[in-house]
Amino acid sequence: PEEVDIVIPTIRNLDFLEQWRPFFEKHKLIIVQDGDPSRKVRIPEGFNYELYNRNDIERILGDKAWCVSFKDSACRCFGFLVSKAKYV
């Protein structure tokens, strides 16, 4: 696994990542989309990332999905859970 993963909870497009590219591009991004899972979140090209939404959380955690709250930044906890990196 990678040494470092960066977890980003979001409800909006991630165009701001362009300004952070020099710092983030060498790490995997774990993006946890809050809100409507049918909404497409725009992520700039060239980043190594995994994108999760509520449907993924329910599929992976099953009847324990309730423990990851949404409509707040607590959805980031799921990113910590799925990371396999040494540092998150």
The longest stretch of the chain containing none of the GluC sites (Glu not before Pro) that sit in a DSSP loop with at most 16 other Cβ atoms within 10 Å is 46-88
Once R0 is set to 25 Å, what does the formula 1/(1 + (r/R0)^6) return for the Cβ-Cβ distance between Val82 and Asn13, expressed as a FRET efficiency to the nearest 0.05? 0.70
The answer for the stretch 1-61, accessible area per residue at 1.4 Å probe in Å², is 62 Å²
Exposed-site-free run, longest, the chain (rule: trypsin sites (Lys or Arg not before Pro); DSSP loop; at most 14 other C-beta within 10 Å): 43-70
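The values are calculated or read from the model by the stated rules, or taken from the named source; none is laboratory data. None of the values given here were measured: they were computed from a predicted structure. Heads up, the Cβs are rebuilt from the backbone with ideal geometry, glycines too, and the neighbour counts pull from every protein chain shown. For accessibility, only protein heavy atoms count, side chains too; no ligands or nucleic acids. Shrake-Rupley method; radii C 1.70, N 1.55, O 1.52, S 1.80 Å.
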